[in-house]
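Before any comments, here is the structure.
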Amino acid sequence: MVPSRLAVFIAALLVLSTSPSFAAAPDDALALIGTYAQQMMSSTHAPGLSVAVTDRAHTIKIFSLGLADVQSHTPVIETTRFGIGSISKSMTATALLLARDRGVFDPSAPVTKYLPWFRVKSPYRPISGFDLLTHTSGLPDGGTGSSVYDVYALRNETVGYAPGEHWSYSNVGYETLGAILQTVEGTQYSDTLAKRIFQPLGMVDSSGIWTPETLATAATGYMYAYDDRPEPESYPLIAFPQTTFADPAGSVVSTAGDMAKYLRFILNAQLLSPESYKLLTTASVKNGKTEAGLTGFYDHYAFGLAQQTVDGHHLVGHTGGVSRNTSCFQADLDSGFAVIAMSNLGYVGPRPCAVVAYALKVLRAKSEGEPLPPVPAPADPLHVDGASAYAGTYRSQDGETLAFVAKNDHLRLENGAASETMSERGGDQFWVDDPRFAQYTMRFIRDKDKHVTQMAHGSKVYSTAAYVGPTQFTHPKEWDAYEGTYRDATSFAFGGEAHVLIVKDQLVLEDGTQLVPLGNGVFRVGTDDWSPERVTFSTIVNGVAQRAIFSAGPTLYRTFAQ
């Protein structure tokens with residue numbers, strides 16, 4: 001039986017270890033960072049957290065917090081491995097840049113120079129390595145963990161835009177880069193990383209492949225139970241199953257100490273020629289990727305690294321998530337400090353980026369002789385900015401009434417004698433721990449003047465008295481076959497689920513992302529006409545679709561849960 005969270009955190013162990021070669025550690029600064037890291041681990045309910053702080057010369061500090069495995073009460077220690085997810089992309093890019101320096105890889109050359117069998121439907125110029133490295137290829141996101149198959153299967157996909165015209169994150173793009181790397185190196189991905197990066201940098205406890213052996217000292221990844229709903233923090237944690245895989249988009253496992261060595265490579269421009277180092281760390285494109293809590297983090301993108309300017313400092317970094325490990329790092333190329341944080345809860349979130357950002361802020365202040373910023377007060381997880389905008393009485397077409405009350409920056413659902421506090425999930429979406437509403441978020445809808453006048457829960461829409469607009473909607477009859485819940489039961493590395501709903505006259509995903517019909521059961525995911533993402537509904541049995549096939553990604557299958 002999994003212990004309660006209270007028991008987990010009572011049992012959690014805190015180990016702070018300092019590199020003996022760094023005798024003059026800024027103890028006051030490190031104490032603040034350690035306090036905030038512990039606070040953030042507890043507030044996000046993560047069982048364990050590993051944080052490495054380094055400058056250009058030394059590992060300044062490694063913070064080992066909490067539990068690597070809840071059931072056995074195994075603590076996180078310096079040699080605990082974590083999956084770093086998409087941070088692996090910068091390693092794939094580095095290995096290709098090393099190939100560039102040896103004259104065996106040209107980023108400007110078309111992919112087919114290295115992969116003659118590569119095909120994708122496109123009326124535009126050929127896709128180059130540069131396009132893939134910067135996420136500007138026009139390929140969909142995709143990725144199933146079977147990387148060479150994913151690349152071969154692109155011949156069934158159509159690019160969304162001319163290469164270089166837009167920025168759209170693509171895991172399958174980096175899987176394609178991995179296939180190129182394997183071709184120019186003549187070795188498997190994990191062997192190439194070991195030879196070209198891990199061994200030269202002294203990263204003795206890192207691997208590019210997940211196997212029982214490489215995971216023997218790894219933290220157990222955890223997820224919330226009942227993952228058919230929006231990760232309710234009130235539910236217990238369960239261990240996430242692991243599987244063997246290697247993927248150039250995100251399969252590296254490493255320790256805090258090894259990752260500190262990797263961050264020093266980035267800080268010190270090691271291994272690469274000056275030209276290749278510039279490609280790795282200097283943004284080539286501006287993009288539109290945003291993530292909750294990561295304001296500005298992905299403003300610009302270079303080769304496998306995001307670039308951001310903070311207080312006039314040039315920062316590069318990346319986030320990662322795989323098999324319920326999530327990570328975040330940034331390197332300040334001006335001040336010469338870098339920090340990585342790795343956790344064993346979640347996939348997309350909760351990211352430990354707040355720890356990284358605060359640590360760098362403290363280190364910059366310390367090095368410049370400025371007052372150290374205090375540890376931020378613990379965040380109220382139920383705080384809602386502008387809570388009053390959502391308050392009011394909402395009524396559905398069948399006469400059901402829901403009342404929302406704003407008080408002290410909280411939003412509450414008043415439901416007869418019960419009163420439930422809402423948990424904000426971003427984008428005008430909230431979740432409430434009530435069995436009747438738990439499977440979906442409550443998504444508030446704004447009118448043309450940005451006033452909240454409606455709320456959608458699943459396919460059901462509630463309106464306030466201020467709502468002005470149609471109350472009856474029609475949709476193509478064939479959409480009835482597509483509505484439902486679809487799951488991927490085979491990809492344990494990345495997982496997958498989609499709730500498809502008909503809301504008013506739109507077919508949408510549960511977060512409100514619109515599915516735009518293109519004909520024959522094919523829909524574009526999102527309203528941008530250049531979006532490369534597609535979903536195809538197929539295998540109609542008794543008038544109901546049994547499969548939802550996302551472009552270059554896993555096939556999801558209908559479940560009984562609706």
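The values are calculated or read from the model by the stated rules, or taken from the named source; none is laboratory data. Please read these numbers as outputs of a predicted model, since none were measured by experiment. Counting neighbours? That spans all protein chains shown, and the Cβs are built from the backbone with ideal geometry, glycine included.
Looking at Thr255, is it under 20 Å from the mean Cα position of the chain (by Cα), at pLDDT 95 or above and of a type outside the set (Gly, Ala, Ser)?
Details: under 20 Å from the mean Cα position of the chain (by Cα): yes; at pLDDT 95 or above: yes; of a type outside the set (Gly, Ala, Ser): yes.
Yes; evaluated as a whole, the condition is true for this residue.
Of the residues making up the range 166-190, not one is modelled with pLDDT under 95 and at positive phi.
Picking from residues in the range 171-196 that are crowded, with 24+ Cβ neighbours inside 10 Å and of a type in the set (Gly, Ala, Ser), the one that is farthest from Val253 (Cα to Cα) is Gly173. Answer yes or no: is there a residue in the range 70-78 that is part of a strand (DSSP E or B) and modelled with pLDDT of 95 or more. Yes: the range 70-78 contains one or more residues that are part of a strand (DSSP E or B) and modelled with pLDDT of 95 or more.
How many residues are in contact (Cβ under 8 Å) with a residue 60 or more places away in the chain, part of a strand (DSSP E or B) and farther than 11 Å from Tyr482 by Cβ when one looks only at the range 504-562? Total meeting the criteria: 5. In the range 113-135, the residues that are touching a residue at least 12 places away in the same chain (Cβ under 8 Å) reach residues that are of a type in the set (D, E, K, R) with C-beta atoms within less than 6 angstrom, at least six apart or across chains, in these pairs: Arg119/Arg155; Val120/Glu157.
Among the residues of the range 154-173, those that are within 24 Å of the chain's Cα centre (by Cα) and small (Gly, Ala, Ser) comprise Gly160, Gly164, Ser168, Ser170, Gly173.
Conditions (1) of a type in the set (A, V, I, L, M, F, W, C); (2) in the same structural domain as Pro163 (by TED's automatic domain parsing); (3) closer than 26 Å to Lys361 by Cβ; (4) touching a residue at least 40 places away in the same chain (Cβ under 8 Å), marked per residue:
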{"site": "Asp258", "(1), (2), (3), (4)": "no, no, yes, yes"}
{"site": "Ser273", "(1), (2), (3), (4)": "no, no, no, yes"}
{"site": "Ala302", "(1), (2), (3), (4)": "yes, no, yes, yes"}
{"site": "Thr319", "(1), (2), (3), (4)": "no, no, yes, yes"}
{"site": "Ala331", "(1), (2), (3), (4)": "yes, no, yes, yes"}
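For the range 355-368, taking the residues that are closer than 16 Å to Gln308 by Cα and in contact with a Ser or Thr (Cβ under 9 Å, 6 or more places away or on another chain), the one that is surrounded by the fewest Cβ atoms within 10 Å (Cβ to Cβ) is identified as Arg364. Listed conditions (1) under 30 Å from Lys450 (Cβ atoms); (2) surrounded by fewer than 24 Cβ atoms within 10 Å (Cβ to Cβ) are all met by Leu411, apart from (2). The range 297-398 holds strands (runs of 3 or more DSSP E) entirely within its bounds, and those carrying 2 or more residues that are in contact with an Asp or Glu (Cβ under 8 Å, 6 or more places away or on another chain) and under 22 Å from Glu78 (Cβ atoms) map to 337-343. Taken over the range 110-134, the criterion of being within 23 Å of Ala306 (Cα to Cα) and more than 28 Å from the chain's Cα centre (by Cα) is satisfied by no residue. Pairs linking a residue in the range 377-399 that is polar (S, T, N, Q) to a residue that is in a strand (DSSP E or B), with Cβ atoms under 6 Å and 6 or more positions apart or on different chains, are Ser388/Ala406; Thr393/Ala403; Ser396/Lys460; Ser396/Tyr462.
Here is a yes/no grid of residues against (1) farther than 30 Å from Thr559 by Cβ; (2) in a strand (DSSP E or B):
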position	(1), (2)
Leu177	yes, no
Leu181	yes, no
Ser190	yes, no
Ile197	yes, no
Pro200	yes, no
Tyr226	no, no
Pro232	no, no
Ile238	no, yes
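Residues in the range 334-354 that are surrounded by fewer than 23 Cβ atoms within 10 Å (Cβ to Cβ) and either under 24 Å from the mean Cα position of the chain (by Cα) or of a type in the set (D, E, K, R) (or both): Asp334, Gly346, Tyr347, Val348, Gly349, Pro350, Ala354. For the structure I just gave you, tell me whether His457 is modelled with pLDDT of 95 or more, touching an Asp or Glu at 6+ places or on another chain (Cβ under 7 Å) and either surrounded by 20 or more Cβ atoms within 10 Å (Cβ to Cβ) or of a type outside the set (A, V, I, L, M) (or both). For His457, the condition - modelled with pLDDT of 95 or more, touching an Asp or Glu at 6+ places or on another chain (Cβ under 7 Å) and either surrounded by 20 or more Cβ atoms within 10 Å (Cβ to Cβ) or of a type outside the set (A, V, I, L, M) (or both) - is not met.
Taken over the range 182-238, the criterion of being free of Cβ contacts under 8 Å to residues at least 24 places away in the same chain, touching a strand residue (DSSP E or B) at 6+ places or on another chain (Cβ under 8 Å) and within 27 Å of Lys261 (Cα to Cα) is satisfied by Ala194 alone.
The residues of the range 59-101 that are more than 22 Å from Met203 (Cα to Cα) and either touching a His at 6+ places or on another chain (Cβ under 9 Å) or free of Cβ contacts under 8 Å to residues at least 40 places away in the same chain (or both), listed by number, are Leu67, Ser72, Thr74. Within the range 460-496, if we keep just the residues that are surrounded by 18 or more Cβ atoms within 10 Å (Cβ to Cβ) and of a type in the set (Asp, Glu), the residue that is modelled with the highest pLDDT turns out to be Glu483. Could you list all residues from the range 79-114 that are surrounded by fewer than 17 Cβ atoms within 10 Å (Cβ to Cβ) and part of a loop (DSSP other than H, G, I, E, B)? Answer for the range 79-114, where residues must be surrounded by fewer than 17 Cβ atoms within 10 Å (Cβ to Cβ) and part of a loop (DSSP other than H, G, I, E, B): Thr79, Arg102, Gly103, Val104, Asp106, Ser108, Ala109.
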